[in-house]
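Comments concern the structure below.
The values are calculated or read from the model by the stated rules, or taken from the named source; none is laboratory data. Since the model is a prediction, treat every value here as computed from it, not as a measurement. No Cβ is skipped: glycine too gets one built from the backbone with ideal geometry, and neighbour counts run over all protein chains shown. With ligands, DNA and RNA removed, areas are computed over all heavy atoms of the protein, side chains included. Shrake-Rupley method; radii C 1.70, N 1.55, O 1.52, S 1.80 Å.
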Amino acid sequence: MIVRQLQTAQDSTRRIDSAGWNSVRMLLTDDNMGFSFHITTIYEGAELDMHYKNHLETVYLTEGAGEITDLATGQTHPLSVGSIYALNQNDHHILRANKGTHMRMVCVFNPPITGQEVHDESGAYALVD
Ligand code: 9YT
């Protein structure tokens with residue numbers, strides 16, 4: 001059994017900080033769960049272009065509000081507490097947190113990420129062997 005605490009993990013190398021967001025990786029590849037599990041915070045007013053070409057991702061919003069634009073269709077969907085989105089087609093998207101609020105999100109990746117990936121210029125994570 002694996003038991004971890006967000007308050008501890010966010011003071012460790014499990015937390016990564018980037019422009020407009022941070023993420024605490026609660027479960028990674030080496031936990032052998034078949035998915036990775038992240039608590040991600042998108043900062044107020046941030047607008048992030050993301051394209052996980054090699055990973056499927058599901059995201060559940062627990063705090064804040066914003067929107068997601070599906071760049072394949074141009075459609076924008078509002079996000080509020082309780083919203084879920086699943087990038088079942090490796091969907092290229094833009095994520096925005098509304099002004100005046102951050103978004104706190106629970107994210108699951110399949111396959112799991114190792115923690116060593118970096119976003120390339122297209123917003124994707126390469127697969128790490
Ligand atoms: C909202 C979202 O896409 N979160 C992804 C997790 C984050 N990019 C990470 O942990 O690297």
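Things to note:
- Shape category assigned to the range 49-112 from the gyration tensor of Cα positions, a/c cut at 1.5: oblate
- Residue among Ser36, Ser18, Ser83 with the largest mean-square fluctuation in a Gaussian network model of the chain, springs linking Cα atoms under 10 Å: Ser18
- For His92, neighbours were defined as the other residues whose beta-carbon sits under 10 Å from its Cβ, and their charges (Lys and Arg +1, Asp and Glu -1) total -2.
- Mean shadow area of the chain over all directions, Cα convex hull, nm²: 7.8
- Peptides 67-78, 99-110 ranked from most to least packed, by the mean per-residue count of other Cβ atoms within 10 Å: 99-110, 67-78.
- Within the accessible area of the range 57-113 (1.4 Å probe), percent carbon and sulfur: 51
- Net charge of Cβ neighbours under 12 Å - reference Ser36; Lys, Arg +1; Asp, Glu -1: -2
- Taking all protein chains into account, the per residue accessible area for the chain stands at 55 Å² (1.4 Å probe).
- If only the Cβ of Lys and Arg carry +1 and only the Cβ of Asp and Glu carry -1, the dipole of the chain around its Cα centre is close to 360 debye.
- A straight chain from Gln5 to Ser18 at 0.36 nm per residue would run longer than the Cα-Cα distance by 2.5 nm.
- All-pairs alpha carbon distance profile, the range 1-63, 10 Å steps from 0, percent: 17, 51, 29, 3
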